[in-house]
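Heads up: the structure comes next, in structure tokens.
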């Protein structure tokens, strides 16, 4: 049997469940960034795979295959990051639902909301670590030239 809903209680439930929505906003932004990086990784890998057929010198094959292996690792890290961000979004969504239902229908779901929120934060942190490693791999091979000093 459902209890009659008090507009003040519903309003408070919405206010309580809005705070985790900000984390969802960060998650969706991160998914966009990582998906964009993954698309660039895939484009570069396709280009390299096409160029392998045109290479005559065996010495160039090794460099291309090394870069393809690195791109594969970067792609795996990006995929893991997206998967972890998606799990984070699911956990935060569950947190929002439990907080709202708990506030409006007197449902005792405090433990569920604590576990789902903390799991979401852990997934978010793990996704950030994957993203950090992927960007480190992508930039470690760059050799930035020193700026010439103006005399």
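Since every read-out is calculated from the coordinates, none of them should be taken as a lab result. Just so we're clear, the structure is a prediction, and the values are computed from it rather than from any experiment. In this analysis, Cβ positions are derived from the backbone assuming ideal geometry, glycine residues included, and neighbour counts consider all displayed protein chains.
Below are the figures for this structure:
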quantity	calculated
Ordering of 46-53, 132-139 by burial proxy (mean other Cβ atoms within 10 Å per residue, highest first)	132-139, 46-53
Nearest-0.05 FRET efficiency for residue 25 and residue 108, computed from C-beta distance (R0 30 Å)	0.60
Packing-based order for 92-103, 110-121, 21-32, using average beta carbon neighbours within 10 Å, highest first	92-103, 110-121, 21-32
Kirkwood hydrodynamic radius of segment 68-121, Cα pairs, Å	12.5 Å
Efficiency of FRET between residue 97 and residue 129 - r from beta-carbon atoms, R0 22 angstrom, step 0.05	0.20
Kirkwood hydrodynamic radius over Cα pairs of segment 7-140, then Stokes diffusion coefficient at 4 °C and 1.567 mPa s, in µm²/s	76 µm²/s
